[in-house]
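Heads up, the thing below is written out as structure tokens.
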Amino acid sequence: MTKIIATTPFLDQKPGTSGLRKKVRVFQQPHYLENFVQSIFDSITIPSGATLTLGGDGRFYNRVAIQTIIKMAAANGFSCVLVGQGGILSTPAASHLIRKYQTLGGIILSASHNPAGPSDDFGIKYNTANGGPAPEKITEAIFAKSKVISEYKTANFVDIDIGTLGETKRDGLTVKVIDPVVDYADLMTSMFDFDAIKSLLKSGFSMKFDAMHAVTGPYAKELFLSRLGAAENCLMNCEVSETFGGGHPDPNLTYAHELVEILYGKNAPDFGAASDGDGDRNMILGKNFFVTPSDSLAIIAANAKLISAYSNGLAGVARSMPTSGAVDRVAKKLHIPCFETPTGWKFFGNLMDADKVTLCGEESFGTGSNHVREKDGLWAVLCWLNIIAAKNMSVEAIVKTHWAEYGRNIYSRHDYEAISAVLANGVIAHIKVQFATLPNKIFGKYTIKTCDDFSYTDPIDGSVSTAQGIRILFDDGSRIVFRLSGTGTEGATLRIYLEAFEPDVSKHHLDAQVALREMIQVALEISQLKQRTGREKPTVIT
Ligand code: G1P
Ligand code: ZN
């Protein structure tokens, strides 16, 4: 039986590219989650027989939200909900299920790498039938509906047992509790040379994968232990915890320090990798060696033919604007197109749906391909293992050989987190007023060629996205990019992306922070960041 519950508007903010992220206590307010879910359902057409994919990263409030959404799906006319057992689905696995079972769409419950727990974050996002994040026109419709919502529909049956595999029928809705891992693991098995990776792992090659207490734990166990025969000690933090073990599951040098210490310590393994809260991000490490995500994308592109899924080559590649130009150099050599898109995964989806792009990635530890419509952490790890197995080289040797061939795009991102929005906007405005006078200005060895605020016209649907980040381009191909984060939950986060192209092999061994020292000074001088925000140094350097 359907209940209609009177309610009032609630949303103060448009859902971003990764859906709606708020503190758990915000979601716990009466009708808050329900209003958002109803706004989603009111923004799409639900034909008869429609199926919804549903799952999340296992964080606190995941199970509660799943029961609410199942009941609302029943009342809103869905015929079936596919839910991951225990409420678990990694973001890439959810994307795959939507595509494989051709469901109308999916709801993914995650705040990605943000900490989890009663006083931390929760999130919810809608993905469409192509498996990718909802496009702007749908998120705008959701926001518009949320401003005028007056009621929501829900069913009043008892909670479904989502811990047990099987089917339950309630009020005309079939709830299928499915294994969250097997379809995804089958997809991975079909894409990579598992026999070669198995032999590599048997040959004495050692690895460590860190799930950071988040969603990829069960996926990693199935892939690495069951299907690839790795020893149990190859995995760490692979039990999903509602608080992510009290950590911040963002796979970078700051937050994945436990893994970083192992890879930079005594008797370090040959390979290390980590993924984030919902399994879409990845970090790749070698013995005493860090692979920047920009280099990782370029190297996967350059070696894609070694991976069976891409043995026929790539249609094209894409990177977000702040991602380094390393992949552009590979695309040039391969004679394939390379697209530069604004930050955020949704821009890649159109290109992949139109078969213009096979691989894509972002500097923010996100890499992926057209096998799903989200970035995919474990997929990236398997790419590296497959390439290592095929080339029989260490991570460091693979990267250095790549640099020797293409030159090195020395790269780093400096984040200034939780600064007041007024001050952060002031920094951006201060840079913009200099647009007319910056070109041809000389800073030590760097001369500015051009500067602009990046704008993108989608080649498929013609939509235009403006104000996507400030680019300062130097005449030797080096760049500084300034951008305000769209995902932070506290104040503003200002990101400075630094990139210097270095063709000279004798300088390739340099530490990025050392090699970029002069560039960092130029960025601080142009932005007046210290003077304007009082910040002496970045919160996070990657
Ligand atoms: C950050 C990353 C961006 C990524 C997004 C979602 O967004 O920089 O590349 O797509 O998270 O994972 P930002 O906070 O910079 O807006
Ligand atoms: Zn994520």
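I'd like the full set of residues that are more than 10 Å from ligand 1 (Cβ to nearest atom) and either free of Cβ contacts under 8 Å to residues at least 60 places away in the same chain or of a type in the set (Phe, Trp, Tyr) (or both), limited to the stretch 353-384.
Passing the criteria: 355, 357, 358, 370, 379, 384.
Would you pick out the residues in the stretch 475-510 that are under 19 Å from residue 431 (Cβ atoms), more than 10 Å from ligand 1 (Cβ to nearest atom) and touching an Asp or Glu at 6+ places or on another chain (Cβ under 7 Å)?
478, 479
For residue 319, work out the one condition from (1) open to solvent by 10 Å² or more (accessible area, probe 1.4 Å); (2) not in a strand (DSSP E or B) it doesn't fulfil.
Of (1) open to solvent by 10 Å² or more (accessible area, probe 1.4 Å); (2) not in a strand (DSSP E or B), only one is false for residue 319: (2).
Report, by residue number, each residue of the stretch 492-542 that is touching a helix residue (DSSP H, G or I) at 6+ places or on another chain (Cβ under 7 Å), closer than 30 Å to residue 121 by Cβ and loosely packed, with under 14 Cβ neighbours inside 10 Å.
530, 536
Residue under question is residue 457, and the condition is that it be within 16 Å of ligand 1 (Cβ to nearest atom), at negative phi and open to solvent by 40 Å² or more (accessible area, probe 1.4 Å); does it hold?
Details: within 16 Å of ligand 1 (Cβ to nearest atom): no; at negative phi: yes; open to solvent by 40 Å² or more (accessible area, probe 1.4 Å): yes.
When the stated conditions are applied, residue 457 does not pass them.
Only residues that are touching a strand residue (DSSP E or B) at 6+ places or on another chain (Cβ under 8 Å) and either in contact (Cβ under 8 Å) with a residue 60 or more places away in the chain or open to solvent by less than 30 Å² (accessible area, probe 1.4 Å) (or both): list them for the stretch 435-450, please.
If the condition is that a residue be touching a strand residue (DSSP E or B) at 6+ places or on another chain (Cβ under 8 Å) and either in contact (Cβ under 8 Å) with a residue 60 or more places away in the chain or open to solvent by less than 30 Å² (accessible area, probe 1.4 Å) (or both), then 438, 446, 448 are the ones that fit.
Within the set of pairs 6+ apart or on separate chains, which have a first residue in the stretch 226-248 that is closer than 14 Å to residue 113 by Cβ, a second that is not in a loop (DSSP other than H, G, I, E, B), and C-beta atoms under 6 Å apart?
Sorted first by the residue in the stretch 226-248, then by its partner, the pairs are 237/210.
Cβ contacts < 6 Å: first residue under 17 Å from residue 63 (Cα atoms) and at pLDDT 95 or above, restricted to the stretch 164-176; second residue part of a strand (DSSP E or B) and not aliphatic (A, V, I, L, M), any location; separation 6+ or different chain. Result?
165/85; 175/168; 176/167
When the stretch 262-304 is examined, which residues are found to be at positive phi and either open to solvent by less than 20 Å² (accessible area, probe 1.4 Å) or under 13 Å from the mean Cα position of the chain (by Cα) (or both)?
Step one: filter the stretch 262-304 for residues at positive phi, giving 267, 279, 288.
The answer is 279, and nothing else.
So which residues in the stretch 369-393 are closer than 16 Å to residue 309 by Cα, of a type in the set (Gly, Ala, Ser) and open to solvent by less than 10 Å² (accessible area, probe 1.4 Å)?
369, 380
The values are calculated or read from the model by the stated rules, or taken from the named source; none is laboratory data. A quick note: this is a predicted structure, and the numbers were derived from the prediction, not measured. Reconstructed Cβ throughout: ideal geometry from the backbone, glycine too, with neighbour counts over all protein chains shown. Ligands, DNA and RNA are stripped out before the accessible areas are found, and what is left, the full protein with its side chains, is counted by its heavy atoms. Shrake-Rupley method; radii C 1.70, N 1.55, O 1.52, S 1.80 Å.
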